[in-house]
Amino acid sequence: MASVTQRIKQVSQPRGGYIKPKEFAVENFNDMVELNPEENIHSSLVGLAVDYVTRYSMGTPLEEAFKISLMGAIIIDEVGYAQQLLNEITGLDDKSLIKACKLTGYDVCFRSSPMGYRAVQDIEPDSATLFNIRTMVNRSMAFMKEYGPVVKDGFTFEGGYTETVTTGDGDFLTSDTLWDFKVSIKPPTNAHTLQLLMYYIMGQHSVHKEFRDIKKLGFFNPRLNQVYTLDVSTIPSWIINDVSSKVIGYKTN
């Protein structure tokens, strides 16, 4: 039993990866804004805050956008404080972004283990970090205006999980593309491309009909302000079959 990201760490990919990152087409955006080089909270919290606040800014209800955070808070019996934080998120002002960063500190309890939890009260993003988060949310909104509309966000894969891969959740679907958001300082790796391919295959097995129309895989990195896309039709069938059976654990004839 493992999550998608945990399973990726357990498997050995072919040389270069099942899907080599260089196979993705790259498009550069340029908003003439330079991010601050240093942030004072963990990069994973920054990424989650950008992800969830972007969803909220696009119209997703707060409870839905931060649902993983709230589920994590339930596990350690801090849902009251988590709800208080949630109620104070109203936009892209400093106070809202600080509360969003604190709230994402609960995610580890659900995604991994309460053993990894550190008091969210101690999460205090500085002005440079808040500037970066706000800028990346704005970039994400501009990206969605160009590539959207979004037809599904924060989705899970009911009907697509197996005994091997039991959890995992994706970021966004547009009409024909499955998107994953990354805020790393480097382009996607072969672990990231495998993650996206697993999401695609699990989506095809899931109960969600929106996945039937997916023709492309894509990344958007608001830190680098770059878009990466790949046509699913270019992925060899043996790779689809290998990942389906050997990585995810679907039974094959």
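Given the criteria under 24 Å from Val227 (Cβ atoms), outside the structural domain of Asp51 (by TED's automatic domain parsing) and touching a residue at least 12 places away in the same chain (Cβ under 8 Å), does Leu130 qualify?
Here the answer is no, as Leu130 does not meet what is asked.
Could we say that Asp51 is acidic (Asp, Glu) and in contact with a strand residue (DSSP E or B) (Cβ under 6 Å, 6 or more places away or on another chain) here?
yes
Kindly provide the set of residues from segment 119-152 that are at pLDDT below 95 and not in a helix (DSSP H, G or I), ordered by number.
Gly148, Pro149, Val150, Val151, Lys152, listed by residue number.
Applying the selection to segment 95-108, what residues are surrounded by 13 or more Cβ atoms within 10 Å (Cβ to Cβ) and either in contact with a Pro (Cβ under 6 Å, 6 or more places away or on another chain) or in a helix (DSSP H, G or I) (or both)?
Ser96, Leu97, Ile98, Lys99, Ala100, Cys101, Lys102, Leu103, Thr104, Asp107, Val108
Within segment 182-216, take every residue that is at pLDDT 95 or above, among the hydroxyl-bearing types (Ser, Thr, Tyr) and in a loop (DSSP other than H, G, I, E, B) and give me the one that is farthest from Glu146 (Cα to Cα).
Restricting to residues being at pLDDT 95 or above, among the hydroxyl-bearing types (Ser, Thr, Tyr) and in a loop (DSSP other than H, G, I, E, B), the top hit is Ser206.
Glu124: farther than 18 Å from Val46 by Cβ and either surrounded by fewer than 21 Cβ atoms within 10 Å (Cβ to Cβ) or out of contact with any strand residue (DSSP E or B) (no Cβ under 6 Å at 6 or more places or on another chain) (or both), yes or no?
In short, no.
For segment 155-211, give me each residue that is among the hydrophobic types (A, V, I, L, M, F, W, C), surrounded by 15 or more Cβ atoms within 10 Å (Cβ to Cβ) and closer than 19 Å to Val50 by Cβ.
Passing the criteria: Phe155, Phe172, Leu173, Leu178, Trp179, Phe181, Val183, Leu196.
Can you pull out every residue in segment 35-89 that is among the charged types (D, E, K, R), closer than 18 Å to Ile123 by Cβ and surrounded by 15 or more Cβ atoms within 10 Å (Cβ to Cβ)?
Glu39, Asp51, Glu78
Any residue at all in segment 13-29 that's closer than 25 Å to Leu224 by Cβ, modelled with pLDDT under 95 and in a helix (DSSP H, G or I)?
no
Can you tell me which residue in segment 212-253 is surrounded by the most Cβ atoms within 10 Å (Cβ to Cβ), limited to those that are in contact (Cβ under 8 Å) with a residue 12 or more places away in the chain and among the small types (Gly, Ala, Ser)?
Looking at the filtered set, the residue picked out is Gly218.
Give segment 30-60 a look and list any residue that's in a helix (DSSP H, G or I) and among the charged types (D, E, K, R), or say none.
Passing the criteria: Asp51, Arg55.
So which residues in segment 61-82 are part of a loop (DSSP other than H, G, I, E, B) and under 19 Å from the mean Cα position of the chain (by Cα), if there are any at all?
Pro61, Phe66
Taking the options Phe219, Phe155, name whichever one is part of a loop (DSSP other than H, G, I, E, B) and under 14 Å from the mean Cα position of the chain (by Cα).
Phe155
Just to be sure before I move on: is Lys251 of a type outside the set (Ser, Thr, Tyr) and more than 19 Å from Glu27 (Cβ to Cβ) in the structure I sent?
In short, yes.
Going by what's in this entry, would Asp77 be described as among the acidic types (Asp, Glu) and on the phi > 0 side of the Ramachandran plot?
The answer is yes for Asp77.
The values are calculated or read from the model by the stated rules, or taken from the named source; none is laboratory data. Keep in mind it's a predicted model, so treat the numbers as computed, not measured. Positions of Cβ are backbone-derived with ideal geometry, glycine not excepted, and every protein chain shown enters the neighbour counts.
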